[in-house]
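Right, one structure below, let's go through it.
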Amino acid sequence: MFPSMFREKPGPRTRPPAVAGTFYPADARELREQIEALLAGAAPPDDAPPPRALILPHAGYVYSGAVAASGYRLIVPSRFARAVVLGPAHRVPVRGVADAGVDAFDTPLGSVAVPAGLCDDLRARLAPTFPDLLVTSPGVHAREHSVEVHLPFLQVIAPGLPVLPLVAGDATVAEMTELVAAVMADDDTLLIISSDLSHFLPVAEAVATDADTLDRILRLEAPLPPRSACGAIPINGLLGFARRTGWAGSVVDRATSADVPGGDPHRVVGYPSVRFDPIGPRLPAYARAVLEHRLAGGPDPSGTIGHPWLDAPGASFVTLTGDGRLRGCIGSLRPTRPLGADIAAHAIDAALDDPRFPAVTAAELPGIRIEVSVLSAPETLDAHSEADAIAALRPHVDGAILSGPRRQGTFLPQVWDQLPDSTDFIRHLKAKAGLAPDPHSAHWGPDWRLSRYTVQSWEEGEPR
């Protein structure tokens, strides 16, 4: 379909612009000036870290450009090696999610390269769950505007950044969640979810409907109701990913087509700008608030970080340091209660009940640095000797649990910083577990069991 829309010779296969001159100016100078003016008119970034994922609209720039610019203004281009723009199919239906099968997308501002090998990487990551989700379909992309309108913005704010445009058709929440997880597996990838909100309602009804949709997005409620957002299918994937991995959304801006001079108040389209960020960096402050409440009578922080991830069972460690030395560290290896409650309990235990140290006092607390680590589920390893154990652990990646008769010890992955040699790491772990009285021995008991796990860790900055 649409074979003439794609340039095959000479040079790389490219997808030419389809909506230049309608959704945005076809003249390069006019287009650049319009985008620069939209970005200049957006609110400047605050002190928050730049987002890695955004929901932004895809209407004509005269209608939604200012809302899109409010999100693009937050991006720090040097943070990213590539971007993925994931939008809905408006013109050609497709089962799954389509890439265009091209090397580049053209706009009036020039050519946007598609990241080499990224589609193959995503297919490999999806292979265990949804191997057929990502398809190649130039026809789906030929006239589709939902991804194209974002490319000029990216060309202005991040010149030369490779971008993979993807168009989602018929796909489940589970499928889209796995796709978003595959995209976000690379820490240096920016994700733009392309979506408008309600369509063609009277202005008062549109504003109320969009407010409800945005509330659902912030509560991570997927799937979104039908017709609440034209990009509901890709949004559903971001919401599923956020629930599972501890990301939260916040509204940057919103508007409707009725806000534009001359906009029809009887047939209104809504436009969102929503950023998504991991809540992990907020956990040390939460642990501090718990300690301030317990030790110094501060406000009760219960409920200050409401999130489905924290309500699900989880295992954590809380580590306290003072003057660069360990001051307390308590945690759990397996989930026995909601993660948020686990972090709060371990913050108190690390401060007051670590038998290696005296209790932390309220006077000490301002000089204490707090680190929160969230553990993955332990994986039992096939280790029948010390050599097996050394070969099985990944330095600076794995935490380890060594169990024997009535004894157990663990090292968080952070311990690799003090014990970078794998043999030293294992032998000190044996000693910590009380299983090796001779720290130089390579002995490995027949009933010892080794497991590994990974952690996500977040640490405060300099003590206050």
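Residues of region 299-322 that are open to solvent by 20 Å² or more (accessible area, probe 1.4 Å), over 24 Å from Thr410 (Cα atoms) and part of a loop (DSSP other than H, G, I, E, B): Pro299, Asp300, Ser302, Gly303, Thr304, Ile305, Gly306. Listed here are the strands (runs of 3 or more DSSP E) enclosed by region 394-464 that have at least 3 residues being touching a residue at least 40 places away in the same chain (Cβ under 8 Å), under 23 Å from Gly324 (Cβ atoms) and open to solvent by less than 70 Å² (accessible area, probe 1.4 Å): 455-459.
Rundown of residues vs (1) closer than 20 Å to Asp353 by Cβ; (2) touching a Phe, Trp or Tyr at 6+ places or on another chain (Cβ under 6 Å); (3) at pLDDT below 95, yes/no style:
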{"site": "Arg282", "(1), (2), (3)": "no, no, yes"}
{"site": "Tyr286", "(1), (2), (3)": "yes, no, no"}
{"site": "Ala289", "(1), (2), (3)": "yes, no, no"}
{"site": "Ala296", "(1), (2), (3)": "yes, no, yes"}
{"site": "Ile305", "(1), (2), (3)": "no, yes, yes"}
{"site": "Val318", "(1), (2), (3)": "yes, no, no"}
{"site": "Arg325", "(1), (2), (3)": "yes, no, yes"}
{"site": "Ile330", "(1), (2), (3)": "yes, no, no"}
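To keep it simple, each residue is scored yes or no on (1) under 22 Å from Val140 (Cβ atoms); (2) at pLDDT below 95; (3) open to solvent by 20 Å² or more (accessible area, probe 1.4 Å); (4) in contact with a Phe, Trp or Tyr (Cβ under 8 Å, 6 or more places away or on another chain).
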site	(1), (2), (3), (4)
Ser4	yes, yes, yes, no
Arg7	yes, yes, yes, no
Leu38	no, no, yes, yes
Pro93	yes, no, yes, no
Asp99	yes, no, no, no
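If you go through region 210-229 and keep only what is part of a loop (DSSP other than H, G, I, E, B) and of a type in the set (Gly, Ala, Ser), you end up with Ala222, Ser228, Ala229. Looking at (1) more than 26 Å from Ala28 (Cβ to Cβ); (2) touching a strand residue (DSSP E or B) at 6+ places or on another chain (Cβ under 9 Å); (3) not aromatic (Phe, Trp, Tyr), which is the one condition that is false for His145? Failing condition for His145: (1). Test Arg244 against the stated conditions and say whether it is under 30 Å from Thr454 (Cβ atoms), in a helix (DSSP H, G or I) and over 21 Å from the mean Cα position of the chain (by Cα). No, not satisfied.
The values are calculated or read from the model by the stated rules, or taken from the named source; none is laboratory data. None of the values given here were measured: they were computed from a predicted structure. All Cβ positions, even for glycine, are placed from backbone atoms using ideal geometry, and neighbour counts span all protein chains on display. Only protein heavy atoms, including side chains, enter the accessible area calculation; ligands, DNA and RNA are left aside. Shrake-Rupley method; radii C 1.70, N 1.55, O 1.52, S 1.80 Å.
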